[in-house]
Amino acid sequence: MATKYNQLRGMLAIAKGSFRAILRNPSAVAFSFGFPLVFILVFGFIGGSGPSVSIALTNRKDTATRIVRGLLDSKMVRLSEDRDSIAIRRDLERGRIAAILTIDSARSPVGFVQYTVHTLTSSASGDKYPILRLALAQGFERAVENNMPKQYRPMIVDELPQIPGREYSMIDFILPGMLGFSLLSAAVFGVAFLFFSLRSQLVLKRYYATPIGKRYIVLGEGLARVAFQLITAIVIIGIGKLVFHFTLVHGWLTFFEMLALSLLGLVVFMGFGFIISSVAKSESTIPPFANLFTLPQFLLGGTFFSTDVFPKWLQRICEILPLKQLNDAMRNVAFEGAHLTDCWKQLGILAIWGVLTYTVAVRVFKWE
């Protein structure tokens with residue numbers, strides 16, 4: 001009596017063979033490891049925080065004052081959208097805003113208004129505060145009247161004691177972004193080229209002569225890709241932590257949560273690779289299709305800089321991109337101390353993308 005073929009064993013055999021093929025492909029290894037590591041090394045050594053900062057106001061009505069209008073006109077300062085005082089203080093502790101400003105005004109005996117600006121900063125503000133000081137000076141110059149007597153022009157900046165906070169470095173922003181883009185690129189390009197090649201070389205057709213099921217073929221190839229990219233994620237996070245002191249708030253727990261996010265991102269992005277491999281008519285058409293999906297996300301997904309610098313209408317578009325959600329979840333978990341259960345918005349949008357992507361992939365996927 002013939003024994004039933006072990007589908008799981010066949011799937012693992014395919015995964016093992018595919019994993020070896022990936023390791024023997026210099027371009028795959030160089031692109032997955034080299035490209036993100038180069039950017040991490042560059043930005044890790046540069047350090048720094050960027051040319052603009054966010055602030056919050058104790059009283060939102062102060063936005064109507066000339067001093068605040070002048071401050072915001074400087075283009076160096078952005079006003080936080082948060083209105084909850086607890087959330088604002090938490091943002092200050094995490095370095096997401098440079099300071100909380102309280103503005104007092106009093107009319108002088110001769111009728112001019114004098115302003116007193118109280119600033120509350122944290123140690124997490126880092127080198128954001130000098131930018132704020134410069135913006136304050138420029139904002140005051142824009143706000144005062146040209147004929148105001150000199151003795152009434154100075155602004156009093158009363159620095160209150162700093163509250164504790166974690167210092168935020170460039171690597172804490174760049175590393176999650178580069179990790180996300182590495183996962184996106186490898187999943188889309190890798191899967192698209194792999195399955196197009198298997199189809200065009202009739203390898204998939206030859207699989208039909210074996211007793212292994214179709215879904216186990218796809219799972220085996222996908223498992224090899226997932227294993228390789230998770231190793232990439234481990235190396236990138238490890239180098240960031242050991243060399244540049246990348247922040248992992250809860251240590252190993254944060255590390256494993258980042259790996260879980262990497263796994264979810266990979267699964268979602270691989271769906272786009274399946275779609276591209278099916279709609280491409282030749283191997284030369286794969287890069288344009290893949291870039292059409294990856295390049296906008298590379299620019300708009302918060303990889304190198306915060307999307308807060310974009311206009312409001314463009315920020316809304318950025319919010320629906322899967323890479324943007326993965327990057328945000330990575331940063332929330334790594335630096336801000338959030339857990340996967342706190343990232344329901346990002347996980348939900350990624351899940352929606354996953355459902356839509358694989359619905360299309362199943363309809364268009366071709367075996368021959």
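Multiply the residue separation of Arg9 and Lys281 by 0.36 nm, subtract the distance between their alpha-carbon atoms, and state the gained length in nm to one decimal.
Stretched out fully, the Arg9 to Lys281 stretch lengthens by 94.6 nm.
Once both labels are positioned 7 Å from their Cα atoms along Cα-to-Cβ, the gap between Ala260 and Asp82 label points is 2.4 nm. A cut-off of 5 Å between modelled amide H atoms, ignoring neighbours fewer than 5 places along the same chain, links Ser122 with Ile163. Between Lys312 and Ala21, the FRET efficiency from the beta-carbon distance, with R0 = 45 Å, is close to 0.45. Highest mean packing first, where packing is the average number of other Cβ atoms within 10 Å per residue, the peptides 183-192, 259-268, 300-309 line up as 183-192, 259-268, 300-309. Fully extending the segment from Ile234 to Ala106, taken as 0.36 nm per residue of separation minus the present Cα-Cα distance, adds 40.4 nm.
His250 to Arg133: extension gain in nm, 0.36 nm per residue of separation minus the Cα-Cα distance? Could the numbers behind the result be given before it?
On the way: separation 117, 0.36 × 117 = 42.12 nm, distance 3.32 nm.
Roughly 38.8 nm would be gained on extension.
Computed from the coordinates by the stated procedures, all read-outs in this text should not be read as laboratory data. Not measured: the values here are computed from a predicted model. Backbone-built Cβ (ideal geometry, glycine too); neighbour counts: all protein chains shown.
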